[in-house]
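Quick note: the coordinates plus some simple rules give every number you see, no bench work behind them. Values in this document were obtained by computation on a predicted structure and should not be read as measured data. Virtual Cβ from ideal backbone geometry, glycine too; neighbours counted across all protein chains shown.
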C-alpha cells in the first residue's frame, strides 16, 4: 500500500494507523457500526413496504402478489428485522444528538449508553410486536 | 474571549468544505423522523395484513397520507445522505461515483413511487 515510487520524490513513507483487525472488539465500536448497518439495511423493509403500498393503489392482482410476499414468513422476517433496526437506529440517533451536544463522551458513560441502546432496542421491538 | 462560535469555526473545513451543512441536515432530518416514525410504525403495522379495501381506507385518511408522504421525503433524503457517506468511506473513484448515483436514484424512485401510490389512494 505504501509504495514509494522513485519517480515521485515528494511521496514520503507515512506511518499507518493500527489496523482494525488487531483491536479487540469494543462495545463502542460495535454499537457505532451497527448504527450504519441498521440504517442502510432498512432500505429492504422500505422497498417491501412501498411495493406493497403501490400495489394496493394499483390493482387487486398487484396487491394480491405484493401482500402474499409482505405477509409471508419472509415478509414477517423483514418487518420484524426492520422494527428492531428502526428502534436501534432511533436510539443510536438520540445518543448521537446527546454526543453532539458534548455529553456522555467518557468511556463508562458511552458503554452504559451502548448497552442501553442494545437492550432498549430489543425491549421496544418486543413492545412493537405486542402492540401492533 | 472568542467572538466566533464553534459552528462558525467548523464551517468550510475538511476536504469537501460542506461537512458542516451535511451534518446539520442529518441532525434536522433525524429529529423530524424521531417525531414521526413511531406513530407511522403503528399505523403501517395496523394496516399490514388487512384486505386491500381496508389498506386503501387506512392510507386515504388525511393524517396517515400526509405522515407517510413526509416520512418518504424526509426519510429517503436522510437515507440517501447517510448511504452516500458510507459509500464515500468504503469505495473510491468511478465505483464511488456510480454507487452514490445509484443510492440517490434509488431513494428518489422509492419516494416518488410511494407518493404516486398515496395520490392514487388518497385523492
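Evaluation of residue A:42 against the conditions (1) under 21 Å from the mean Cα position of the chain (by Cα); (2) more than 10 Å from chain B (Cβ to nearest Cβ); (3) assigned to a helix (DSSP H, G or I) shows that the sole unmet condition is (2). Candidates A:104, A:114, A:93: the one that is touching a helix residue (DSSP H, G or I) at 6+ places or on another chain (Cβ under 7 Å), more than 11 Å from chain B (Cβ to nearest Cβ), part of a helix (DSSP H, G or I) and under 24 Å from residue B:27 (Cβ atoms) is A:114.
The set of residues from the stretch B:86-113 being surrounded by 15 or more Cβ atoms within 10 Å (Cβ to Cβ) and either within 12 Å of the chain's Cα centre (by Cα) or within 22 Å of residue A:90 (Cα to Cα) (or both) comprises B:86, B:87, B:103, B:104, B:106, B:107, B:110, B:111. How many residues are in contact with a helix residue (DSSP H, G or I) (Cβ under 7 Å, 6 or more places away or on another chain) and either under 16 Å from residue A:51 (Cα atoms) or surrounded by 17 or more Cβ atoms within 10 Å (Cβ to Cβ) (or both) when one looks only at the stretch B:51-61? Adding up the residues that qualify gives 5. Out of all the residues in the stretch B:8-19, is one or more facing chain A (nearest Cβ under 10 Å) and either over 20 Å from residue A:40 (Cβ atoms) or part of a helix (DSSP H, G or I) (or both)? Checked the stretch B:8-19: no residue is facing chain A (nearest Cβ under 10 Å) and either over 20 Å from residue A:40 (Cβ atoms) or part of a helix (DSSP H, G or I) (or both).
Scanning the stretch A:50-89 for residues that are under 23 Å from residue B:36 (Cβ atoms) and without any contact (Cβ under 8 Å) to a residue 24 or more places away in the chain gives A:50, A:51, A:52, A:53, A:54, A:56, A:57, A:70. Among the conditions (1) surrounded by fewer than 16 Cβ atoms within 10 Å (Cβ to Cβ); (2) over 18 Å from residue B:50 (Cβ atoms); (3) in contact with a helix residue (DSSP H, G or I) (Cβ under 9 Å, 6 or more places away or on another chain); (4) more than 10 Å from chain B (Cβ to nearest Cβ), the only one that residue A:47 does not satisfy is (4). When the stretch B:38-52 is filtered for residues that are more than 14 Å from residue A:83 (Cβ to Cβ), at the interface with chain A (Cβ under 7 Å from one of its Cβ atoms) and assigned to a helix (DSSP H, G or I), only B:52 remains. Given the residues B:94, B:64, which is the only one that is under 29 Å from residue A:76 (Cβ atoms) and part of a helix (DSSP H, G or I)? Only one candidate passes the filter, namely B:64.
Looking across B:55, B:31, one residue alone is facing another protein chain (nearest Cβ under 9 Å), within 22 Å of residue B:122 (Cα to Cα) and free of Cβ contacts under 8 Å to residues at least 40 places away in the same chain. It is B:55. Screening residue B:22 against (1) away from chain A (no Cβ under 11 Å); (2) under 26 Å from residue A:61 (Cα atoms) leaves a single unmet condition, (2).
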